[in-house]
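Values in this text are rule-based calculations from the coordinates and carry no lab data. Please read all numbers here as calculations on a predicted model, not as lab measurements. All Cβ positions, even for glycine, are placed from backbone atoms using ideal geometry, and neighbour counts span all protein chains on display.
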Amino acid sequence: MKTLLLGSTGLLGQAVAQEARRRGAELREAARRGAPIQVDIADDAALCALLDAERPDLVVNCAALVDIDLCERDPALAWRVNARPLAFLAAWSKATGGRLLHISTDQYFTEGCTLAHDEMAPVSLVNEYARSKFAGEALALTAANALVLRTSIVGARGWEQPTFAEWAIDTVENDRPVTLFSDAWSSSIDVTAFVRAAFDMVEAGASGLYNLAAHEVYTKEQFVREIARQRGLSLTAAKTGSVRMLSTPRAHCLGLDVRRAEAVLGYPLPNLAEVVASLLQQYKEKSSHEVRHIASHRNA
C-alpha cells in the first residue's frame, strides 16, 4: 500500500512511519521541514499538487498546530493548518477512492471529570485549537473513506524540546518542584500502542469517527505519580494544583470511551499502568540510542 504521511517529523509522525515500514508499506514522508518531501499543508496548491503527484492509496494526516496558546493568538493560522487542509484531503478521497486517516484530539469536554465520553457526547469548544480541530474532523468526515481518530498521545521523541512525557520523567527522576494538575483528566495512550491500533483499524476497513485512547481515565497528576511508582522514586517537591490557573482556557475532562474501537480491534486498549510501562521502555530506548550516537561521534 502506498502511504503518504503528512507531518512525518513530529512525535506521532515518527511513530507512524516506523509502524508503516514494519507493515511493509511503500511510505512517502512529508512535512513542512526536515522530511524527504517538504510541503506546507496550509498551502492549498502545494498540497493538491503533492496528492496528484504521489497518487497514494492511503493518506495519514498527523500534521497539526498543537500549540494551544499560539492557536489562541493566531486563529487564522490554526484554521489554515488544523481545518482547511482537510477539505482538500476529503475531496481527494472522494475523487480517487483513497483512504484518509486523520488524527484529531480529545480537547472537547469540560464536564464529567472521570467520565469517559463516547463519540456522540456533546462538545464544548473553549479555545481556538479545539474549534479548528473540530472543524477539521467535520471536513474529513465528508469523505466516506475517512477514518477520524480522537486521541491524546504520550511518548518520547528525543528532541531538544521535550514532550510532556519526557518532562514528566525528568520531573520524577530529579524530584523537581512542579505543580501537578489534579483536575485535568484524560485517557492519554502511549504513541506505540496508538499507531499499532490505528493501522489495525485501517486494515479492518473502519471509517467514520472513533475514540482511540487508553481504556482508563486518569489525571495528569496520577500519570506523573504512576511514573514515580514504576521507577521506585518519590515526589517530595511536587504540589497539587488546578488547570484553571493557565492563561488560555482549556477543556479538562478529556476521558474517552474506547469501546467502539475495541470492538473493531478485537482486543483491549491499555490502562494507565500499561501506558506508563510502554512509555518508560520507549524513553529507555531513546536514551540508549542517544548515548550510542554521542559515543560514535566522539570516536570518529
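Below are the figures for this structure:
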read-out: Mean Cα-pair separation over length for the chain, i.e. relative contact order, pairs under 8 Å, 6 or more apart, %; value: 19
read-out: Rounded if a/c under 1.5, otherwise prolate or oblate - region 1-94, Cα gyration tensor axes; value: oblate
read-out: Among N61, N174, N82: highest mean-square fluctuation, GNM of the chain, C-alpha pairs under 10 Å; value: N174
read-out: Using alpha-carbon coordinates, inclination of helix 191-203 to the longest axis of the chain, degrees; value: 30
read-out: Mean projected area in nm² (Cα convex hull; one quarter of hull surface) for the chain; value: 16.1
read-out: Gaussian network model of the chain, springs between alpha carbon atoms under 10 Å - residue of V16, V178, V243 with greatest fluctuation; value: V178
read-out: Acute angle (nearest 10 degrees) that the helix 220-231 long axis makes with the longest principal axis of the chain, alpha-carbon atoms; value: 70
read-out: Rounded to 10°, Cα long-axis angle of helix 128-140 versus longest principal axis of the chain; value: 40
read-out: Extreme residue, positive dipole direction of region 2-298, given options L6, H117, Q282 (C-beta unit charges); value: Q282
read-out: For the chain, size of Cβ-based charge dipole, Lys and Arg +1, Asp and Glu -1, in debye; value: 400
read-out: Length added when fully stretched, L115-R32, from 0.36 nm per residue minus Cα-Cα; value: 26.2 nm
read-out: GNM result for the chain, Cα springs below 10 Å: residue of A90, A25, A143 fluctuating most strongly; value: A25
read-out: Estimated distance in nm for a label pair at M245 and R21, the labels positioned 7 Å out from Cα along Cα-to-Cβ; value: 4.2
read-out: Whether region 45-121 is rounded, prolate or oblate, judged on the alpha carbon gyration tensor where a/c under 1.5 counts as rounded; value: oblate
read-out: Neighbour cut-off at most 12 other Cβ (10 Å), DSSP loop, trypsin sites (Lys or Arg not before Pro), region 1-91; value: R33
read-out: Euclidean distance of C-alpha centroids, region 101-174 and region 21-69, integer Å; value: 19
